[in-house]
1. Tell me which of these ALA178 doesn't satisfy, since it passes every other one: (1) out of contact with any Ser or Thr (no Cβ under 6 Å at 6 or more places or on another chain); (2) part of a loop (DSSP other than H, G, I, E, B).
2. Determine whether ALA161 is of a type in the set (A, V, I, L, M, F, W, C), surrounded by 13 or more Cβ atoms within 10 Å (Cβ to Cβ), out of contact with any Cys (no Cβ under 7 Å at 6 or more places or on another chain) and part of a loop (DSSP other than H, G, I, E, B).
3. Could you check how many residues of the range 124-158 are of a type in the set (Asp, Glu) and either exposed (fewer than 14 other Cβ atoms within 10 Å of the Cβ) or at pLDDT below 90 (or both)?
Amino acid sequence: MIFEVKGSRFKVQGTRFPCNAWKPVKAQDVKSRSFSHSPLYLVPCTLNLARQRGFTLLELTVVLFVVVLGFSVIGLNLSSGSDSTEIKAAARDIVSALRYARGQALMLRQETTLTMDLEDNSYTVSGKDKLYQIPEDIEVTVVTAQTELTGNGSANIRFFADGSSTGGRITLERAHAAWKIDINWLTGQIELESE
């Protein structure tokens with residue numbers, strides 16, 4: 001803002017006051033000597049900010065209530081996430097075992113199988129003596145070739161020396177969380193996705 005006082009120009013670049021309005025004041029009203037020769041000049045207006053110094057108790061209570069509500073929702077989401085985390089970890093372990101079996105079939109140029117025991121909720125990979133457990137509350141379903149089903153509640157996923165497989169799908173379910181593992185019969189490619 002530029003204004004003139006007795007032929008001199010003053011440029012106002014900013015103000016410390018929250019009000020953008022300027023009001024005219026006569027020189028007699030000002031006690032400053034520098035502007036006493038001027039009949040009229042502009043000064044910034046001031047606002048009465050005495051009433052806006054803090055928050056009311058009601059405002060603080062509402063904000064505190066919103067914060068507590070937000071933290072309780074986050075807590076509920078974290079506690080329910082442990083179930084989905086456990087089923088996801090079990091699905092990733094099975095995918096890892098399937099990829100290991102396919103890699104062994106390709107490297108050794110011989111058939112390798114992953115055997116799922118549906119009664120025991122466990123699985124093994126041929127060539128390894130270790131028995132891998134799946135938590136009991138996770139329901140396991142296997143869809144595979146008819147020749148790979150055995151009568152005692154077991155099912156095999158077989159990988160051949162060229163990387164192909166018998167194919168199939170393994171589904172893990174718990175309450176409202178489910179993961180499916182698809183095994184492509186032609187390429188032996190393994191994909192994990194949630195339902």
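1. Here ALA178 clears every test but (2).
2. yes
3. So the answer is 3.
Per-residue answers, yes or no, for (1) within 15 Å of ALA91 (Cα to Cα); (2) outside any loop (DSSP other than H, G, I, E, B):
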{"site": "ARG102", "(1), (2)": "no, yes"}
{"site": "ALA105", "(1), (2)": "no, yes"}
{"site": "THR124", "(1), (2)": "yes, yes"}
{"site": "GLY127", "(1), (2)": "no, no"}
{"site": "VAL140", "(1), (2)": "yes, yes"}
{"site": "THR147", "(1), (2)": "no, yes"}
{"site": "ASP182", "(1), (2)": "yes, yes"}
{"site": "GLY188", "(1), (2)": "no, no"}
{"site": "GLU191", "(1), (2)": "yes, yes"}
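Per-residue answers, yes or no, for (1) farther than 21 Å from GLY188 by Cβ; (2) hydroxyl-bearing (Ser, Thr, Tyr):
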position	(1), (2)
ARG109	no, no
MET116	no, no
THR124	no, yes
ASP137	yes, no
ALA145	no, no
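The values are calculated or read from the model by the stated rules, or taken from the named source; none is laboratory data. Since this is a predicted model, take the numbers as computed values, not measurements. Cβ: placed from backbone, ideal geometry, glycine included. Neighbour counts: every protein chain shown.
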